[in-house]
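Computed from the coordinates by the stated procedures, all read-outs in this text should not be read as laboratory data. Keep in mind that this is a model prediction, so the values were computed, not measured. We place every Cβ from the backbone using ideal geometry, glycine too, and count neighbours over all the protein chains shown.
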């Protein structure tokens, strides 16, 4: 019966972490990015379906293909980040369910004929939540960006699979002045009800 | 420049945590539930919009209202869990943006006329990812459940606000035999691409 995470861990992942807009020049080793996924893969999804797909864009060539598809206000930070992740939902997640969720052998066939987009987007978004905190857990700072052309990013980076680009996340080590003043959070009394 | 979370923290939140189906009788103090939200509120959302709303159902009366709306296979564990959270997306999240995201004063007016459901669902799902890991960070185990009547739960628990029920999550302290055998995760080579 655990008392949970120690205060250093709570600060690192939650209360003192910041979304970062500018990164130091310190490179991000591939092993750290691999370690990030080795953590982020574990938390739960419905039917163990794991629809999230991750593309780590690090090379100058990859960045050059990505930059024109990003809103202008996001270009400088994307160019400057050591890594930009394209996070996407795989609409053919059900192809893997016979292995991932063997308890329901009919599920793949049922989903082949169903609208899977809502499930894929919702569960991939849960996984993006896990991914952002896993990035912090391996010592990185994250800067998520919703401002980009999702259709064009899918076409440029994700074809020919049926994937939907959901979010871009810059990763790296922050500069000391990397984060703007913190924005407020809603009062708990507005968010949380007790029954 | 941090090396990140220590190995005990990584195991607690990611690699050794399990989704739990049956809970011990140990009650969950209200302070622990409040602490959970005091962590989960921090990680980022687009426009700092924070659309997630949380209802902690603890009382026998609340449980009695919830149980008929939960799929039959989920009833025993819902009845037995010390707390069941109704996690929902507030489609009127934009009412708070003048305070939460003052840099874009026109945003509330723009969103009043826009379709906000996709934004609300996606960002609330990110927050549910944060919420599940925050539950583990305060020493709780979580058992998410997608099998319930979302429309009926919204009507019973969330009226009159325009809220969409997204997920139920049981919370408590696990029994030793609380988790079934672990299901496999996709190989990293299938999920992660490198550019």
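Here are some notes:
- Peptide-level mean, for B:129-140, of C-beta atoms on other protein chains within 10 Å: 6
- By DSSP, the beta bridges lying fully in the protein assembly as shown are antiparallel in about 90 percent of cases.
- Estimated [θ] at 222 nm from DSSP helical runs (n ≥ 4, -39500 (n - 2.57)) normalised by residues in chain A, nearest 500: -9500 deg cm²/dmol
- Computed label-point distance, nm, for sites residue A:92 and residue B:155 using a 7 Å Cα→Cβ extension: 4.0
- Most fluctuating residue given options B:14, B:93, B:23, as computed from a GNM of chain B linking Cα atoms under 10 Å: B:14
- Cα gyration tensor shape for the protein assembly as shown, rounded if a/c is under 1.5, else prolate or oblate: rounded
- Our summary gives chain A a relative contact order of 34 percent, counting only alpha carbon pairs under 8 angstrom and 6 or more residues apart.
- More than 32 Å apart - percent of Cα-Cα pairs taken over chain B: 22
- Modelled spin labels at residue A:115 and residue A:18, positioned 7 Å past Cα toward Cβ, are 4.2 nm from each other.
- Measuring from each Cβ of chain A to the axis that turns chain A onto chain B, the shortest distance belongs to A:129, 1 (residue, then whole Å).
- GNM remark for chain A: springs join alpha carbons under 10 Å apart, and the peak mean-square fluctuation among A:174, A:29, A:184 falls on A:184.
- With Cα atoms defining each centre, region B:1-45 and region B:115-157 are spaced 15 Å apart in the structure.
- Per-residue Cβ neighbour counts within 10 Å put A:63, B:155 in the sequence B:155, A:63, beginning with the fewest.
- Highest-MSF residue in chain A out of A:161, A:50, A:80 [GNM, Cα springs under 10 Å]: A:161
- Across peptide A:179-192, the mean count of Cβ atoms from other chains lying within 10 Å of each residue's own Cβ comes to 5.
- Fewest-first sequence of A:113, B:75, B:21, A:182 by Cβ atoms within 10 Å of each Cβ: A:113, A:182, B:75, B:21
- Residues B:78, A:84, arranged from fewest to most other Cβ atoms within 10 angstrom of their Cβ, appear as B:78, A:84.
- Across the identical copies, how the residue A:30 labels are spaced - nm, sorted shortest first, 7 Å along Cα→Cβ: 5.4
- Number of partner chain Cβ atoms within 10 Å, mean per residue of B:120-127: 5
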